[in-house]
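Q: To start, I am sharing the structure in question, which I have written as structure tokens.
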Amino acid sequence: MNQRKSYKREMWLEVAGESVRVLISASARKTMRLQITEEGEVDVRVPFHCNQGDVLAFVNANHSWLKERRDIACERLQQREGKVMILGKERVITPSALESFLVTDQLVWVPEGWDTAKVDKAVDRWLRAEGRLVFEQLIDQWWPFFSNFNVRRPTLRIKKMRTRWGSLSTRGYINLNLALMQLPLDLIELVVVHELCHLKHFDHGPGFRRLMTECLPDWQQRDKQLNHLSQNVL
């Protein structure tokens, strides 16, 4: 029997007088889901059987929520322009006579003449490389404790995720959101320990909470800070 493959399409929709791109992803899911990307585009996840009329009806039914969330996304883009947050500290993107990309404690130096797309690409590449060092260092730091549970060390994967900071795969991967690199180190540590705790407890029940407390006695306070920052980062 032939299985249907996932596919992506796009269409344009009028939102508050502005033409907005709508990205439609169809897969073997049962419900429709609506999200706003970091760029303010509409991302709709739908089951295979949905047609364009179904998608339009779903988006229009959520028009108020859509406008509100898109306004927030656009505001974030404006606030972020010319700046980048790295490990909880804001760096200003500054043109330089140098021909190379350089990140210092206070500034991000970029060659004069680089457009926004080129700067964003360079920042993303630097964050991925630096993020791998930071994330692996934290896993190294905590692995002696978790190795006592006779579990296999997960392989790190850095991803862009819109709704979560991290996840642990049953296939042996610890997936960490690149956006974590915007946060202070103690909150990154919280997420890393959280995912490593799932090696022993794959839910968030009493056993998981006890293990989190054993590792990080202040994890609940950190979790509150993380939830607060999630509104502006995720």
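The values are calculated or read from the model by the stated rules, or taken from the named source; none is laboratory data. Values in this document were obtained by computation on a predicted structure and should not be read as measured data. Note: ideal-geometry Cβ built from the backbone for every residue, glycine included; neighbour counts use all protein chains shown. We work out accessible area using only protein heavy atoms, side chains counted, and drop any ligands, DNA or RNA first. Shrake-Rupley method; radii C 1.70, N 1.55, O 1.52, S 1.80 Å.
Q: Specify the residue that is modelled with the lowest pLDDT; the eligible residues are those in segment 40-61 that are assigned to a loop (DSSP other than H, G, I, E, B) and open to solvent by less than 50 Å² (accessible area, probe 1.4 Å). Full working, then the answer.
A: Going through segment 40-61, the residues assigned to a loop (DSSP other than H, G, I, E, B) turn out to be 40-41, 48-51.
Filter once more, keeping what is open to solvent by less than 50 Å² (accessible area, probe 1.4 Å): 40-41, 48, 50.
Numbers: Gly40: 71, Glu41: 76, Phe48: 88, Cys50: 86.
Here the residue is Gly40.
Q: Return yes or no: is Thr116 open to solvent by 20 Å² or more (accessible area, probe 1.4 Å), among the polar types (S, T, N, Q) and within 14 Å of Val84 (Cα to Cα)?
A: Values: open to solvent by 20 Å² or more (accessible area, probe 1.4 Å): yes; among the polar types (S, T, N, Q): yes; within 14 Å of Val84 (Cα to Cα): yes.
Judged against the criteria, Thr116 is a match.
Q: What do you reckon, is Phe101 among the hydrophobic types (A, V, I, L, M, F, W, C), under 27 Å from Glu189 (Cβ atoms) and either touching a helix residue (DSSP H, G or I) at 6+ places or on another chain (Cβ under 8 Å) or surrounded by 11 or more Cβ atoms within 10 Å (Cβ to Cβ) (or both)?
A: no
Q: I'd like the full set of residues that are open to solvent by 60 Å² or more (accessible area, probe 1.4 Å) and touching a residue at least 24 places away in the same chain (Cβ under 8 Å), limited to segment 146-159. Even if it seems obvious, please write down each step before you answer.
A: Just the residues of segment 146-159 that are open to solvent by 60 Å² or more (accessible area, probe 1.4 Å), to begin with: 148-150, 152-153, 155, 157, 159.
The one that is open to solvent by 60 Å² or more (accessible area, probe 1.4 Å) and touching a residue at least 24 places away in the same chain (Cβ under 8 Å): Phe149.
Q: If Arg128 satisfies all but one of (1) touching a strand residue (DSSP E or B) at 6+ places or on another chain (Cβ under 8 Å); (2) closer than 30 Å to Ala97 by Cα; (3) at pLDDT below 95; (4) open to solvent by 30 Å² or more (accessible area, probe 1.4 Å), what's the number of the condition it fails?
A: All conditions are met except number (3).
Q: Quick check on segment 185-224: of everything there that is surrounded by fewer than 16 Cβ atoms within 10 Å (Cβ to Cβ) and touching a residue at least 24 places away in the same chain (Cβ under 8 Å), which residue is farthest from the chain's Cα centre (by Cα)?
A: Going through the qualifying residues, I end up with Lys200.
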